Amino acid sequence: MDTILKRYKTDSQRTILMKTGAISFRDARLGWVSLGCVVLNISTSGAGLVVESDVEIPFAFDLAIETEPFRRHCFVVWRIDRRIGVTFDLDRIQCDRMQYGD
């Protein structure tokens, strides 16, 4: 966790993005869950999100951003109400085209 937090704090080169996204994760009771969000800003190692509901979001999830051909695996660094700061697991970026055969 310390490494995740340090990487998030030292990454100050954020770009305002304002694109829709989808958070997806596996829930033991519900199976795969997908929630809408807005990606406020992004950098090479993290992003700021606003989720559309008060649904509990796990510590780790996948993030798909509109017009981008891959999903990023994310870790939550902070949360205030519906705003979430995440850092990316740079080893687990997945290309949707490869996964789904597009």
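Go ahead and run the numbers for FRET between L90 and R29, Cβ-Cβ distance against an R0 of 30 Å, rounding to 0.05.
Calculated value: 0.50.
Taking θ = phi - 60°, what integer Hz values does the Karplus form 6.51 cos²θ - 1.76 cosθ + 1.60 yield along region 61-76, in sequence order, with x for Gly and Pro?
Karplus values, whole Hz, x for Gly and Pro: 7, 9, 10, 10, 10, 3, 6, 9, x, 9, 10, 10, 8, 10, 10, 6.
Points 7 angstrom from Cα along the Cβ direction at S43 and R79: gap in nanometres?
Label at S43, label at R79, 2.2 nm between them.
To the nearest 0.05, what FRET efficiency results for D54 and T15 with a Förster distance of 35 Å applied to their C-beta separation? The partial results should precede the final answer.
Values: r = 28 Å, r/R0 = 0.79.
The calculated FRET efficiency here is 0.80.
Values in this text are rule-based calculations from the coordinates and carry no lab data. As the structure is a prediction and not an experimental result, all values here were calculated from the model. Because the Cβ atoms are built from the backbone with ideal geometry, glycine has one as well, and the counts that use them run over all protein chains shown.
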